[in-house]
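To keep things clear, I will list the structure first and then write my remarks on it.
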Amino acid sequence: MRKNLQRTILALAMAMGGGSLASAQQQVSFAMLEPGAMPARPMVSVAQPAKTPEAHTRHRFWDRENSVLFASNAAFSAADFVVTRDNLRGGGQELNPVTRVFSGSTAGLALNFAGENAGVVGLSYFFHKRGHHNLERAVSMVNIGASAAAVSFGLAHR
């Protein structure tokens, strides 16, 4: 009996409180429908691009650092050419599939390494013009590393 009384009181309280809650919700939703109730806001906010400091990132393309990198690149490429040519003359095999196409003659091999240097300078200039100055220098550094590895490998496997 006591449980039934508790359930009845609980149901009565919910009915009384629930009714006022529903009417309060209805009043709030009607207020939202009136014009000017909520200020108009865009769904998406426009982000402004970040401004990078240009003063210390801009430089001339043929500055001292690039000149040293390009000269080092040419020196390592020339060393790679000499080692590769000597290995091929001694019966060795070219492992680079791109260079293998040009390895039939000394002139073709020289053309390959000259084109490689021109490609490095061209790609560095492309990155320079688009403001990617770290990539501009990284192209030379990666090619220097690859040429140094090729020279080391060629000398080790004579």
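What the table below lists for this structure:
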quantity	calculated
Single residue of the stretch 53-62 satisfying the filter (under 20 Å from residue 125 (Cα atoms) and surrounded by fewer than 10 Cβ atoms within 10 Å (Cβ to Cβ)) that is modelled with the lowest pLDDT	55
Residue tally, condition hydrophobic (A, V, I, L, M, F, W, C) and not in a helix (DSSP H, G or I), over the stretch 110-158	0
Residues being farther than 30 Å from residue 58 by Cα, surrounded by fewer than 18 Cβ atoms within 10 Å (Cβ to Cβ) and hydrophobic (A, V, I, L, M, F, W, C) - total across the stretch 103-127	3
Matching residues in the stretch 85-94 - criterion: being surrounded by 12 or more Cβ atoms within 10 Å (Cβ to Cβ) and either of a type in the set (Lys, Arg) or closer than 30 Å to residue 134 by Cβ (or both)	85
Tally, over the stretch 85-117, of residues that are over 13 Å from residue 154 (Cβ atoms), within 34 Å of the chain's Cα centre (by Cα) and not hydrophobic (A, V, I, L, M, F, W, C)	6
Pairs with Cβ under 6 Å, 6+ apart, first in the stretch 139-158 and without any contact (Cβ under 8 Å) to a residue 60 or more places away in the chain, second buried (at least 20 other Cβ atoms within 10 Å of the Cβ) and part of a helix (DSSP H, G or I)	139/120; 139/124
Residues within the stretch 83-109 that are farther than 20 Å from residue 142 by Cα and part of a helix (DSSP H, G or I), tallied	12
Residue within the stretch 131-145 that is surrounded by 12 or more Cβ atoms within 10 Å (Cβ to Cβ), within 24 Å of residue 59 (Cα to Cα) and among the acidic types (Asp, Glu) present	yes
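The values are calculated or read from the model by the stated rules, or taken from the named source; none is laboratory data. Source: prediction; values computed, not measured. Neighbour counts are summed over all protein chains in view; Cβ atoms, including those assigned to glycine, are modelled from backbone coordinates with ideal geometry.
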